[in-house]
1. Give the residues of the stretch 44-64 that are buried (at least 21 other Cβ atoms within 10 Å of the Cβ) and over 18 Å from the mean Cα position of the chain (by Cα), sorted by residue number.
2. Can you tell me which of Leu37, Leu31, Leu100 is touching a residue at least 24 places away in the same chain (Cβ under 8 Å), within 16 Å of the ligand (Cβ to nearest atom) and more than 28 Å from Val297 (Cα to Cα)?
3. Within the stretch 80-97, which residues are assigned to a helix (DSSP H, G or I) and either acidic (Asp, Glu) or within 14 Å of the ligand (Cβ to nearest atom) (or both)?
4. For Phe120, state whether it is crowded, with 21+ Cβ neighbours inside 10 Å, in a helix (DSSP H, G or I) and among the aromatic types (Phe, Trp, Tyr).
5. Does Lys193 meet the test of being within 30 Å of Phe107 (Cα to Cα) and free of Cβ contacts under 8 Å to residues at least 60 places away in the same chain?
6. Within the stretch 79-97, count every residue that is under 18 Å from Thr324 (Cβ atoms) and within 20 Å of the chain's Cα centre (by Cα).
7. How many residues are over 30 Å from Leu23 (Cβ atoms) and of a type in the set (Ser, Thr, Tyr) when one looks only at the stretch 261-297?
8. Quickly run through the stretch 19-42 and pick out the residues that are modelled with pLDDT under 90 and either closer than 19 Å to Tyr103 by Cα or assigned by TED's automatic domain parsing to the domain that holds Leu142 (or both).
Amino acid sequence: MKTMIKKFLHGIVGSIGWRIAKLGDKKLIILMYHRILPSSDERYRFEEPGMVVSYESFRMHMQVITDEGIPVVTPEAWLEKNENERPPVAIAITFDDGWLDNYQYAFPVLKEFGFVSTLFVVTDYLGCPAPFWPNRVLRLLLDKNSVISEEWHDLVNMMPSKPVLPMSRDEAAHVIASLKHYSDDDIYRALNKIPSSISGQIEMISADQLLEAKATMGVEVGCHTRRHYRLLEGLEESLLQEEIVESKEILKSIISEDPTTFCFPNGDYSSRALKMVRENYVAAVTTARGHNISGNVDKHQLVRIGVHNDISDTPLKFKARLSTFM
Ligand SMILES: [Zn+2]
């Protein structure tokens with residue numbers, strides 16, 4: 001019954017809501033993707049549900065955008081245009097973190113459709129195994145062979161209760177959400193005591209692949225800090241400098257031009273971080289949900305629409321998501 005009501009709602013919002021969303025003020029819809037993987041890929045299973053879109057759904061999204069006749073632009077290109085030059089609705093496609101799977105699966109599809117995109121990379125992690133603590137925690141909690149040993153002590157202390165392993169992806173996602181109360185440094189310190197939390201498989205795009213994507217796949221490169229630290233109130237000034245300014249220099253040395261757009265990790269930022277980003281970048285994206293309405297945009301706090309598979313695996317669900325009503 002619940003599924004039927006949901007289906008009905010998606011139908012209404014996906015058709016009427018999307019039609020309403022296309023009317024009114026001129027707007028830029030910025031899509032936020034993380035990972036694109038075939039649902040049969042082993043990496044899909046070891047990712048939080050909110051972080052991944054299947055290859056099949058991603059292709060379908062691009063087809064919907066094509067069928068709707070919505071122009072695809074980069075956020076910067078849209079911002080550069082005058083009000084009267086902007087189309088009624090434009091879409092920008094962004095990817096956070098710099099996952100290798102974007103290069104393997106998403107960029108070839110975008111090339112086929114002739115769409116530009118922006119990839120926000122974490123500079124210290126180019127060409128690395130999955131480095132982010134949520135992935136490392138997830139692997140530990142989902143792995144059938146994981147055993148809670150002495151080495152787990154500090155990490156388990158941060159969890160709401162002692163985990164029963166292996167967990168489901170949804171249960172593990174809850175634990176990850178609760179760990180966000182702690183600082184990134186504290187979590188990494190606890191995790192580094194558990195050697196099996198590090199997988200050997202390369203999961204992030206390399207510098208060479210980044211250059212190739214930029215040169216041949218219509219991919220703009222933006223900055224997503226050096227180590228993906230959340231830029232929260234209280235973060236030391238030296239760390240803010242490293243994450244916002246040094247990352248820009250590192251990226252510049254790789255792509256031989258100034259990266260002009262920035263992406264806030266986890267959508268978190270203090271007023272000090274925002275000021276530093278304003279001083280160093282032309283534009284920045286957040287994780288706040290919404291449409292960017294022409295004439296009423298803060299270039300350094302652009303809003304986006306997060307897309308993951310559960311809420312976008314049919315054309316109607318995807319359009320409902322685009323409309324921001326669901
Ligand atoms: Zn990120």
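The values are calculated or read from the model by the stated rules, or taken from the named source; none is laboratory data. Quantities reported herein were computed from a predicted structural model and do not represent experimental measurements. We place every Cβ from the backbone using ideal geometry, glycine too, and count neighbours over all the protein chains shown.
1. none
2. On the way: Leu37 fails: within 16 Å of the ligand (Cβ to nearest atom); Leu31 fails: more than 28 Å from Val297 (Cα to Cα).
Result of the check over Leu37, Leu31, Leu100: Leu100.
3. Applying the first criterion (assigned to a helix (DSSP H, G or I)) to the stretch 80-97 yields 80, 83-85.
Result: Glu80, Glu83, Glu85.
4. Numbers: crowded, with 21+ Cβ neighbours inside 10 Å: yes; in a helix (DSSP H, G or I): no; among the aromatic types (Phe, Trp, Tyr): yes.
Criteria not met by Phe120.
5. Details: within 30 Å of Phe107 (Cα to Cα): no; free of Cβ contacts under 8 Å to residues at least 60 places away in the same chain: yes.
The answer is no for Lys193.
6. The total comes to 5.
7. The first filter runs over the stretch 261-297 and keeps only residues over 30 Å from Leu23 (Cβ atoms), leaving 262, 264-266, 268-281.
Right, trim to of a type in the set (Ser, Thr, Tyr) and you get 269-271, 281.
Number satisfying all stated conditions: 4.
8. The one that is modelled with pLDDT under 90 and either closer than 19 Å to Tyr103 by Cα or assigned by TED's automatic domain parsing to the domain that holds Leu142 (or both): Glu42.
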